[in-house]
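Below is one structure, written out as structure tokens; the observations come after it.
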Amino acid sequence: MKWLQNWLTRYQLHHHPVPHHIWRMLIHQAPLFHGLSAVEKAHLRELCTLFLQRKNFIGTQELAVTKEMTVAIAAQACLLTLKRSLDDYGGWSDIVVYPAAFKVNREVTDSIGLVSHEDSFLGGEAWSNGPVILSWETVKTDLTTPRSGHNLVIHEFAHKLDMLNGKANGMPPLPADMVRSEWTRAFSEGYESLQRQIEHRQRPAINAYAATAPAEFFAVCSEYFFTTPRHLQHAFPAIYKQLALFYRQDPLG
């Protein structure tokens, strides 16, 4: 069936390409993509075309999801798989887009075991074998007014890669040529270092949210890797090296 998949890919690329005017505007306006070569930008556009054929975008609260919005989300998501495989995003189909931050109600268990319900507002969420949920307001801000180490789409889609071998835990399945013990050592030492900085009321090397769980540490480090790689390389050089191997990219190179 490989021939059929290849035929379908060629058909989709030929008949459903990302519109040139939308692509040109996105690449020009978003600093996130400025470091890519012309060849990488062309490949990213192809990945976006295929991604958009495989995913279903759902607007909520009367939000009309436009082609420009879907391309903007797809381009950021596919940046993570630029040198990997788009199949990393297989097994699920829906991307739910809210106009802004959305409210969720969760069960919270305190230190003595009492369970309560707590409301909180989120900018995004990724479900195992389920949808990715995004705030368009946050996505748009990340593209037009980027902040160091902040990119919602990269964060949530890093969680999706982490979930490829089960629950997100900061230990995604690694390429065959990577050494698991080196990954574990780099991320464990970095995570513990960040927690010590916060505990001692020092200025954290990266967003303090990364210290809440190993899964969040991996996702936040991925944000820095793509948005401000020099900062990550300075703060955690061993982690930068591991992510360069994992994503098959070297933004500083």
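Screening Ile58, Ile73, Ile95, Ile112 for residues that are farther than 23 Å from Ala30 by Cα, modelled with pLDDT of 95 or more and not small (Gly, Ala, Ser) leaves exactly one candidate, Ile58. Of all positions in the range 33-45, at least one carries a residue that is out of contact with any Leu (no Cβ under 8 Å at 6 or more places or on another chain), of a type in the set (Ser, Thr, Tyr) and over 22 Å from Pro131 (Cβ atoms). Looking across the range 165-196 at every residue that is free of Cβ contacts under 8 Å to residues at least 12 places away in the same chain and more than 16 Å from Ala238 (Cα to Cα), the one that is surrounded by the most Cβ atoms within 10 Å (Cβ to Cβ) is identified as Pro173. When the helices (runs of 4 or more DSSP H) confined to the range 1-62 are screened for residues that are under 23 Å from Thr228 (Cα atoms) and more than 18 Å from the chain's Cα centre (by Cα), those reaching at least 1 such residues are found at 20-29, 38-54. For the range 28-65, a tally of residues being of a type in the set (D, E, K, R) and either outside the structural domain of Asp142 (by TED's automatic domain parsing) or touching a residue at least 40 places away in the same chain (Cβ under 8 Å) (or both) returns 2. Within the option set Glu46, Glu68, Glu40, Glu62, being surrounded by 11 or more Cβ atoms within 10 Å (Cβ to Cβ), farther than 30 Å from Gly253 by Cβ and charged (D, E, K, R) holds for one residue only, Glu68. Of the residues making up the range 219-238, those that are aliphatic (A, V, I, L, M) and surrounded by fewer than 24 Cβ atoms within 10 Å (Cβ to Cβ) are Ala235, Ala238.
The values are calculated or read from the model by the stated rules, or taken from the named source; none is laboratory data. The shown structure was predicted, so the numbers you read here are calculated from the model rather than taken from an experiment. Glycine also receives a Cβ, built like all others from the backbone with ideal geometry; neighbour counts cover every protein chain displayed.
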